[in-house]
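Notes to accompany the following structure.
All of the numbers you see were taken from the coordinates with simple rules; none came from a lab. All figures in this text were calculated on a predicted structure; none of them were measured in a lab. Because the Cβ atoms are built from the backbone with ideal geometry, glycine has one as well, and the counts that use them run over all protein chains shown.
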Amino acid sequence: MRALLALLVRDLRLAIRQGGTVGMTLGFFVITVTLFPLGVGPELELLSRIAAGVIWVAAMLASLISLDRIFQADYEDGSLELIALGPTPLELVVLAKALAHWLTTGLPLLVTAPLLAVLLNLPVNGFVALIAAMLLGTPALSLIGAIGAALTVGVRRGGVLLSLLVLPLYIPILIFGVAAVEAAIGGFVVAPHLAVLGGLLIGATVLTPWASAAALRLALE
Amino acid sequence: MIFEGEELVCVRGERPVFAGLDFRVGDGEILLLEGRNGAGKSSLLRICSGLLKAAGGRLLWDGRPADEDWDEHHGRLQYVGHQDALKPVLTVAENLRFWARVNGVRVSAGGVDKALERMDLRDLATVPARFLSAGQRRRVNLARLLATPARLWLLDEPTTSLDTVASAMLAEVVRDHAAHGGMAMIATHLDLGLAGARRLALEPYRLAV
Amino acid sequence: MSVMHRFANPTRFLRIVELLFPWVAGVTALLTVVGLYLGLFVAPPDYQQGDTVRIMFVHVPAAWMALFVYAVMAVCSAMSLIWRHPVADLTAKSCAPIGACFTFIALATGSLWGEPMWGTWWVWDARLTSMLILFFLYLGYMAIWEAYDDPTRAARAAAILALVGSVNLPIIKFSVDWWNTLHQPASVATMSGPKIHSSILIPLLVMALAFKGYFLTVLMMRVRSEIIGMKVRRLRLAVARD
């Protein structure tokens, strides 16, 4: 436990001290969302219809481009092999690092999303659903992303490959994340969508440690 | 305690590195690995650490297979590889404290200080690692061995970037470790002047076509 | 020595392949000719769709095979992770391009069929979308094989990915189905298309068997060349050392 906490604290401290990493992800998120009104035109009605989808897609991409932070630096400087040689099972290490990624990526995205929703004229009754869906969905993005990050950790130019591997796996989260918001706007029940998102989160929590740890062991040989 | 390997086979990719390799280290013993580039010194150390799985043979700790419980095996060893595993934005002391915590050691300020003192790094304790020279970084990496005690040391070319003074310091630390009953397996080209150390020569493996 | 035994095993596999190959290839050719004849000349044109309906004899077996090949790939990947057997790796690797081709054929013929039927080349229909995602999964799997320099490591990374994909595929399928029914339930209804009559069912089944035979034939050829490639790499290494 103490080892996991140390790992979590270190990852957070690195993200803060290295400055910019959190800010850049947020900047990317905001700019990507800003591109849509410029691309599709400023009609408020159109924007409010696509707002949920745009925010989710942008959040997904922002999460994706920061995935290499989870394992890549530790792999390159040799830290990862020492962590793997520590007494903590690698499966738990993966969970701690995915949590650190969420705290430095998903959580800031979650906090910024309502502001962007205002810019995109998202109907007021969709806000709570958006936040609830992102609260369940963004940790799942970090977890599923950790699998892709672990699979590409020792690979030259792994970034493009990473997006090819991870984005198809993100699709269910996108679908249900957007559906939750649309249900809320349309006055339907939101709970089933959130339940599915919760189920996806639990599934990712079960699958990710196994798959990522196996991929990391492979990278460290 | 005895740590031994029996009939170890190592394959990297599809290339056989060595086969039928035996070794044995006991309490207070130092084993120096010798051999040319590609003979498998690093691979053997990685197999002993559990990072690399042997393609055949057995690793035994006191007669029990090490692969019964890798986490337990990891708990009794310290590995120094080619990279120094330092985070540039953390200070030297922060880096060391982190490694001690990851290894489950309750960190007392004294333990880390003593390790820094021993490797002549005390003045650098509060300096971020990005300002260190290659030799200083290597010394911090070696100080990790002292900050988090372990029975078995696996050192892969530990003298890289070290000057003669620092190499002598390392030799002293290793002798001390052995004198207190620790074991060490060291791959090195330099003669560290470790009296009484045993040597293991690795031969490049030849495939029969 | 045990490692050498493991490398020797594929040789026995090769012998079995050599023995079976002409038979499988022959039966496949026969089934394809019979299936195409039945499909193109014997089966009646649909009263609504006319001759367009004959696309089905390629489209449906291709779609079935797209999923079947992924299942084979996933099973081989599991075997490769558990037993570390090189033939399982190479079989999984050889499956991927074939599966990707079947998926592409299913998508392309679906598109050709859709144009006269729905008046558009592409609909964001649940089946089309999930087939497209399956195609991406195949591409990712093939890309990861290319990304690693060391084939044994590539094999294990790809196997992990294939298994993660096999868990996710039903979830993706389910969510896409669900997503689609919410948005445009009407377009799915036309998919139920012709009622299955034996004059259509028999050519369809023959074609399905022909596709399966084609898969086996090409798989054997690919695995054989992969095994030979592995032996060549081993010989090169051995020569380089002397």
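In what order do B:Y79, C:Y47, C:Y37 fall by count of nearby beta-carbon atoms within 10 Å, going from fewest to most?
C:Y47, C:Y37, B:Y79
Modelled label-to-label distance, A:A191 and B:R106, 7 Å Cα→beta-carbon offset: nm?
4.8 nm
Which net charge results when you count Lys and Arg as +1 and Asp and Glu as -1 among the other residues whose beta-carbon is under 15 Å from that of B:L59?
Net local charge, B:L59 excluded: -3.
From the cross-link list A:K97/C:K93; C:K93/C:K173; B:K41/C:K93; B:K53/B:K114; B:K53/C:K93; C:K93/C:K212, which pairs have alpha carbons spaced over 26 Å apart?
In this structure, A:K97/C:K93; B:K41/C:K93; B:K53/B:K114 exceed 26 Å between Cα atoms.
Quick one: work out the % antiparallel among DSSP beta bridges in the protein assembly as shown, nearest 5.
50 percent
How high is the relative contact order of region A:2-220, in percent, counting Cα pairs under 8 Å that sit 6 or more residues apart?
Over region A:2-220, the number comes to 27 percent.
With a 10 Å cut-off between alpha carbons and a GNM built on chain C, which of C:L90, C:L81, C:L19 moves the most?
Among C:L90, C:L81, C:L19, the largest mean-square fluctuation in the Gaussian network model of chain C belongs to C:L19.
Within a Cβ distance under 14 Å of A:A117, other residues only, what is the Lys/Arg minus Asp/Glu net charge?
Cβ neighbours under 14 Å give a net charge of 0.
Could you let me know the centre-to-centre spacing of region C:30-74 and region B:1-52, using Cα atoms, in angstrom?
If you average the Cα positions of each part, the centres end up 57 Å apart.
Could you identify which residue out of A:A150, A:A15, A:A51 has the top mean-square fluctuation in a GNM of chain A using Cα springs shorter than 10 Å?
Per the Cα network of chain A with a 10 Å cutoff, A:A15 tops the list.
Given the -39500 (n - 2.57) contribution per DSSP H run of 4+ residues, what per-residue ellipticity at 222 nm results for chain A, rounded to the nearest 500 deg cm²/dmol?
Computed ellipticity for chain A at 222 nm equals -28000 deg cm²/dmol.
How large is the helix-only mean residue ellipticity at 222 nm for chain B, computed as the sum of -39500 (n - 2.57) over DSSP H runs with n ≥ 4, divided by its residue count, in deg cm²/dmol to the nearest 500?
-9500 deg cm²/dmol
Could you tally the net charge around B:A195, taking each other residue with its Cβ under 15 Å from the Cβ of B:A195, Lys/Arg +1 and Asp/Glu -1?
Summing Lys and Arg as +1 and Asp and Glu as -1 gives -1.
How far apart, in nm, are the 7 Å Cα→Cβ label points at A:V111 and B:D27?
A separation of 5.5 nm, rounded to one decimal place.
Top mean-square fluctuation among C:R222, C:R156, C:R12, Gaussian network model of chain C, C-alpha springs under 10 Å?
Per the Cα network of chain C with a 10 Å cutoff, C:R12 tops the list.
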